[in-house]
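Asker: Take a look at this one; I'll ask things after.
The values are calculated or read from the model by the stated rules, or taken from the named source; none is laboratory data. If you're wondering where the values come from, they're calculated on a predicted model, not measured in any experiment. FYI the Cβ positions are ideal-geometry reconstructions off the backbone, even for glycines, and counts take in every protein chain you see.
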Amino acid sequence: MSDVGNTVNENQEENQQPEGLRALVVDDVHLLRIVLKDMLVKFGEVHPKNVFEAGGGSIAVREYKRISPDIVFLDVLMPDKSGLDVVKEIMEYDSNAYIIMYSSAAERQVVHDCLKLGATDYVLKPLDPKRLKFSLYKYENRNDPEVLAMKAEIFLESADSMNDSPQGDPEQLRRVRT
């Protein structure tokens with residue numbers, strides 16, 4: 001079922017938000033938004049009331065401006081507006097936005113385009129909990145020079161098939177980087 005254009009948490013008042021990380025999950029597939037939200041909550045990184053959802057690219061930009069999330073999880077391929085267009089618009093609005101792109105598209109050019117437009121990380125579907133947790137680790141440690149060096153470009157250096165990339169293991173990621 002697709003909920004393009006729907007915002008799940010639109011009735012929440014700003015003053016009712018708990019403290020902590022605020023996340024925006026953008027995907028045209030409702031089930032994937034639920035799965036990602038559940039992972040974030042299960043990791044203990046985000047309070048359930050601090051995870052906002054957008055069912056498409058068009059509403060994602062509006063929601064970003066409304067809620068000012070700390071982190072955005074953005075699908076690349078959506079029918080109404082591509083994730084590439086969304087990341088470009090968000091970065092024009094807020095050059096400090098922290099955006100993690102995700103997709104089943106494993107093409108080098110897609111990853112390169114996402115990073116060039118300002119995305120900070122790129123995760124392949126199906127979403128691996130270890131890899132997602134590592135993306136959150138990179139966010140939490142984003143001011144550490146060593147962590148900054150672990151940008152998603154490391155996946156471009158790995159084998160042509162990104163499906164073989166070491167997505168969940170930080171030690172393997174360091175070996176790929178060097």
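Asker: If I ask for residues that are surrounded by fewer than 23 Cβ atoms within 10 Å (Cβ to Cβ) and aromatic (F, W, Y), which ones from the range 37-79 would you list?
Answerer: F43
Asker: Collect the residues in the range 124-139 that are surrounded by fewer than 14 Cβ atoms within 10 Å (Cβ to Cβ) and closer than 13 Å to L40 by Cβ, keeping them in residue-number order. Walk me through it before giving the result.
Answerer: The first filter runs over the range 124-139 and keeps only residues surrounded by fewer than 14 Cβ atoms within 10 Å (Cβ to Cβ), leaving 126, 129-130.
Of everything in the range 124-139, just one residue is surrounded by fewer than 14 Cβ atoms within 10 Å (Cβ to Cβ) and closer than 13 Å to L40 by Cβ, namely P129.
Asker: Of the residues that sit in the range 34-55 and are among the charged types (D, E, K, R) and assigned to a helix (DSSP H, G or I), which one is nearest to P18 (Cα to Cα)? Full working, then the answer.
Answerer: First, pick out the residues of the range 34-55 that are among the charged types (D, E, K, R): 37-38, 42, 45, 49, 53.
Within this subset, residues satisfying the condition of being assigned to a helix (DSSP H, G or I) are 37-38, 42, 49.
On the way: K37: 16, D38: 17, K42: 16, K49: 7 Å.
Only one residue fits best here, namely K49.
Asker: Could I ask something else about it? Of everything in the range 129-140, what is without any contact (Cβ under 8 Å) to a residue 40 or more places away in the chain and within 11 Å of the chain's Cα centre (by Cα)? Give them in sequence order.
Answerer: S135
Asker: Mind checking whether some residue in the range 10-19 is at pLDDT 95 or above, assigned to a loop (DSSP other than H, G, I, E, B) and either surrounded by fewer than 20 Cβ atoms within 10 Å (Cβ to Cβ) or in contact with a Ser or Thr (Cβ under 7 Å, 6 or more places away or on another chain) (or both)?
Answerer: First, the residues of the range 10-19 that are at pLDDT 95 or above: none.
No, the range 10-19 contains no residue that is at pLDDT 95 or above, assigned to a loop (DSSP other than H, G, I, E, B) and either surrounded by fewer than 20 Cβ atoms within 10 Å (Cβ to Cβ) or in contact with a Ser or Thr (Cβ under 7 Å, 6 or more places away or on another chain) (or both).
Asker: I100 is checked against (1) within 24 Å of M39 (Cα to Cα); (2) touching a Lys or Arg at 6+ places or on another chain (Cβ under 8 Å); (3) among the hydrophobic types (A, V, I, L, M, F, W, C) and fails just one. What number does that condition carry?
Answerer: Answer for I100: the failing condition is (2).
Asker: Looking at (1) buried (at least 16 other Cβ atoms within 10 Å of the Cβ); (2) part of a helix (DSSP H, G or I); (3) hydrophobic (A, V, I, L, M, F, W, C), find the lone condition where L31 falls short.
Answerer: For L31, the failing item is (1).
Asker: Filter the range 103-128 for residues that are within 16 Å of R33 (Cβ to Cβ) and among the small types (G, A, S); which is farthest from the chain's Cα centre (by Cα)? Can you show your working first?
Answerer: Taking the range 103-128 as the starting set, the residues that turn out to be within 16 Å of R33 (Cβ to Cβ) are 103-104, 123, 125-127.
So of that shortlist, the ones also among the small types (G, A, S) come out as 103-104.
Details: S103: 10, S104: 13 Å.
That would be S104.
Asker: Within the range 87-100, identify whether any single residue is touching a residue at least 40 places away in the same chain (Cβ under 8 Å) and either among the charged types (D, E, K, R) or crowded, with 21+ Cβ neighbours inside 10 Å (or both), and answer yes or no. Show your work before the answer.
Answerer: If we filter the range 87-100 for residues that are touching a residue at least 40 places away in the same chain (Cβ under 8 Å), which is where we start, we get 98.
Right, trim to either among the charged types (D, E, K, R) or crowded, with 21+ Cβ neighbours inside 10 Å (or both) and you get none.
Checked the range 87-100: no residue is touching a residue at least 40 places away in the same chain (Cβ under 8 Å) and either among the charged types (D, E, K, R) or crowded, with 21+ Cβ neighbours inside 10 Å (or both).
Asker: Further question on the same structure: Do any helices (runs of 4 or more DSSP H) lying entirely in the range 64-178 carry at least 2 residues that are touching a helix residue (DSSP H, G or I) at 6+ places or on another chain (Cβ under 9 Å), within 19 Å of V25 (Cα to Cα) and modelled with pLDDT of 85 or more, and which ones are they? So that I can check it myself, show each step before the final result.
Answerer: Details: elements: 83-93, 108-117, 129-140, 145-148, 153-157, 170-177.
The helices (runs of 4 or more DSSP H) meeting that bar are 83-93, 108-117, 129-140.
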